[in-house]
Structure formats: structure tokens, C-alpha cells
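Just so it is clear, none of the values below were taken in a lab; they were calculated from the coordinates. Keep in mind the model is a prediction, meaning the values are calculated, not measured. When we count neighbours, we look across all protein chains shown, and the Cβ atoms used for this are built from the backbone with ideal geometry, even at glycine.
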Amino acid sequence: MSMIRKFSFRRVRSIWIAILAILTVSLAAGCASKKGVEPVATPPAGTRENGTLVLTRADNNRTAELRVGERLKVRLPENPTTGFTWAIDETNSRLLALDGTEFTEPTEGSIGARGQRIFTFTTLQPGEVALKLKYWRFWEGDGSTTERYAITLKIVP
């Protein structure tokens, strides 16, 4: 009887090893890259509204292209009643001029609800600029930064 059990166990074990080997080969073949397949193109960052490129939180860490003289708006959610506000952390004022910033109250909701901070810029000359913003309490310094926003702007003639 014990000889039958040993024989059956060895056979079952061999079958499982064969099944695992087949699955491993199948997985490896399925994960192999296909040559000649074009990568999916990333849609351009932002949307155009009345000739102005509008960027939102969804465009964080992306690249946008603008022409010289074109306007840019960056809209980000903000709740200044908490003490946190968006501020420019890095830019190049030779290529990108800040026209202004404003806070818009939410149309619905209670007092103290989250609104939007809108930065408006105009491109000045061709080049590439990294626009970086931070969400912070300015009186507490950089250690209070809870969120960062970055966009690379390619300004063409």
C-alpha cells in the first residue's frame, strides 16, 4: 500500500510541476513586448478656452506647448480658510509673465468650502520653462507644503 501512495504522490507532483512550467512559459510569452507597435500618443495638456490654454490638477507633471504672446491659466482647488494657498515656487519671468492671480469662491456649498486659485500668465519669448507651484502655509515655510504642481511649457514662435 505504501508503494502505491509513493507512486501516486510522485506522479501528482510531476503533473503539478509540468502545469507550473507551462503557465510560466505562457506568462513569459504574454509579457514579451511586441515589436512594431506604436506607443499611444499622450493627448496635449490642458484645454483651449477663448484662445487661452487652461491647465488643471489633471495636467500635473505634463508638457504643454504655447505660442509667444499666448495666455495661460492654471486652475487649482484651494481652501484658503485652512491657511493653505497656492504660490509660485519656480518659473522663468523672461519667458513667462504673471498677469495676475485670483481666488474664485465655490458656486455651491457652505462657507469655507473649497474654491479655485487661478494664475494667469502670458508667454513672452520662445523657450522651455518649468512652472512649479506649491500648496502651503507661507508663514510656516517650505515644511508646510502639502502638494506640488509642475508643468513644462514649450513656447514656440
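Quick one: count up the residues across the range 59-117 that are of a type outside the set (Lys, Arg) and closer than 24 Å to residue 139 by Cβ. Selection size over the range 59-117: 29. For residue 123, the test of being surrounded by fewer than 16 Cβ atoms within 10 Å (Cβ to Cβ), under 17 Å from residue 154 (Cβ atoms) and of a type in the set (Val, Ile, Thr) is failed.
Considering the conditions (1) closer than 18 Å to residue 45 by Cβ; (2) exposed (fewer than 12 other Cβ atoms within 10 Å of the Cβ); (3) not aromatic (Phe, Trp, Tyr), residue 132 is excluded by exactly one of them, (2).
Among the residues of the range 46-61, those that are closer than 21 Å to residue 99 by Cα and among the aliphatic types (A, V, I, L, M) comprise 53, 54, 55.
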